Each structure stands twice: as C-alpha cells, then as structure tokens.
Amino acid sequence: MQTATADPLIGRTLEGRYRIVDRIARGGMSTVYSAVDERLDRLVAVKIMSGALSSDPAFSDRFAREARAAARLTHLNTVAVYDQGSDTSNGEHHVFLVMELVQGRTLRDLIRERAAAAPGNKAGGTFTPAEAISIMQPVLSALSAAHRAGIVHRDVKPENILLSDDGVVKVADFGLARAV
C-alpha cells in the first residue's frame, strides 16, 4: 500500500531509532507501520496508538505495563514484541509498540480471497477440516502458552491471526487489548 503522500508519519523517525517506511494497517485505536530499526538494521512493525489514546497519561502507563507483559511471551506462534516507547517530536505525542514484522497476510485476507474466488458459492471462503486444523492448532498453542504466562488475549479475530509467507501462523496483539 503506497501511503507516503497521505500519511505524515511516513519518513519520520521515532525516538531517533525507528524510521517509518509504510503503513500496513489501520484500526480504530492504532495504525501499524513497517519501519527500519536503524540501530539494529532490521525491518520491524511499529504499532502507533491514536492521538487521543497517546495523550492520556493513564493509558500510556497501562500500555507500557501490558507491552512489558506481552514482551515476556516467547512462542513460535506469537508475534514477538521488541520494544515500546513514546515520541514527542514535532509537537506530537506518539505511544508505540515495536514488534516482529511478519511478511504475509491475515486470516481475514485469506477468507476474503477464498470468498472472491468462489462467487455465488455459499461455501466460498470456507476451509477443509485439514486446512482449518492447520491454522487453529498453532493459534491454540499460542493462546495456551499465553494463558500459562498469565496473559489473556481478549481480541482473537481473523485480523489478529497472521499467516507468514513461509507458512508460520502467528497470533498478534497479545495482552494489548487489556491496556485499552
């Protein structure tokens, strides 16, 4: 998605470290960007909270606590959390989370692709039992690991299930719904 002309954050660097490259997704409470961690020279995903949330000190504190909890969770099928921070450059305040960048698509994207490929078919967008299990088994493994660590996701939905190009299923947004 090319958004360089429409999004003022593209090209900016947060905390002198994370250079925003492109917008990946936008939700009601945040926007996710691809970025370059200039200190470690790697691509990452940066989730920036909306301005209204970022300006609330209580939210910022709660968000930081939840980000630390999510960062402690390490599992093959969870999106890794690398860092969290806030940036007040250019007179704006941004609270953000830095995560593993998963190249691929969401489960929602796959469902839509399947439905579009089968117009008029009531079963369009569905999965065989084996396909459903191949997606749900890693999701349930990730949720189980989170529960053992005392973390409840609270926002499991197709948009938060990522299907990497190399075939790994990952659950995103662990523990962060609670901060909101």
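Points worth noting:
- Residue list for segment 1-30, restricted to those being part of a strand (DSSP E or B) and either touching a residue at least 24 places away in the same chain (Cβ under 8 Å) or among the hydrophobic types (A, V, I, L, M, F, W, C) (or both): T13, L14, Y18, I20, V21, I24, A25
- Residues that are part of a helix (DSSP H, G or I) and either open to solvent by 20 Å² or more (accessible area, probe 1.4 Å) or over 20 Å from K47 (Cβ atoms) (or both), drawn from segment 140-164: L140, S141, L143, S144, A145, H147, R148, P158, E159
- Any hit, segment 73-88, residues being open to solvent by 70 Å² or more (accessible area, probe 1.4 Å), closer than 24 Å to R12 by Cα and in contact with a strand residue (DSSP E or B) (Cβ under 9 Å, 6 or more places away or on another chain): yes
- Test: residue in segment 115-126 that is open to solvent by 50 Å² or more (accessible area, probe 1.4 Å), touching a residue at least 40 places away in the same chain (Cβ under 8 Å) and not charged (D, E, K, R): no
- Cβ pairs under 7 Å, 6+ apart, first in segment 142-157 and free of Cβ contacts under 8 Å to residues at least 24 places away in the same chain, second buried (at least 18 other Cβ atoms within 10 Å of the Cβ) and of a type outside the set (A, V, I, L, M): D155/D173
- Residues of segment 59-69 include none that is surrounded by 16 or more Cβ atoms within 10 Å (Cβ to Cβ) and at pLDDT 85 or above.
- Meets criteria (of a type in the set (D, E, K, R), open to solvent by 60 Å² or more (accessible area, probe 1.4 Å) and more than 12 Å from L101 (Cβ to Cβ)) for E38: yes
The values are calculated or read from the model by the stated rules, or taken from the named source; none is laboratory data. Quick caveat: nothing in here was measured; it's all calculated off a predicted structure. Cβ sites come from the backbone with ideal geometry, for glycine too, and all protein chains shown count toward neighbours. Areas reflect the complete protein model, heavy atoms only, side chains present, ligands, DNA and RNA absent. Shrake-Rupley method; radii C 1.70, N 1.55, O 1.52, S 1.80 Å.
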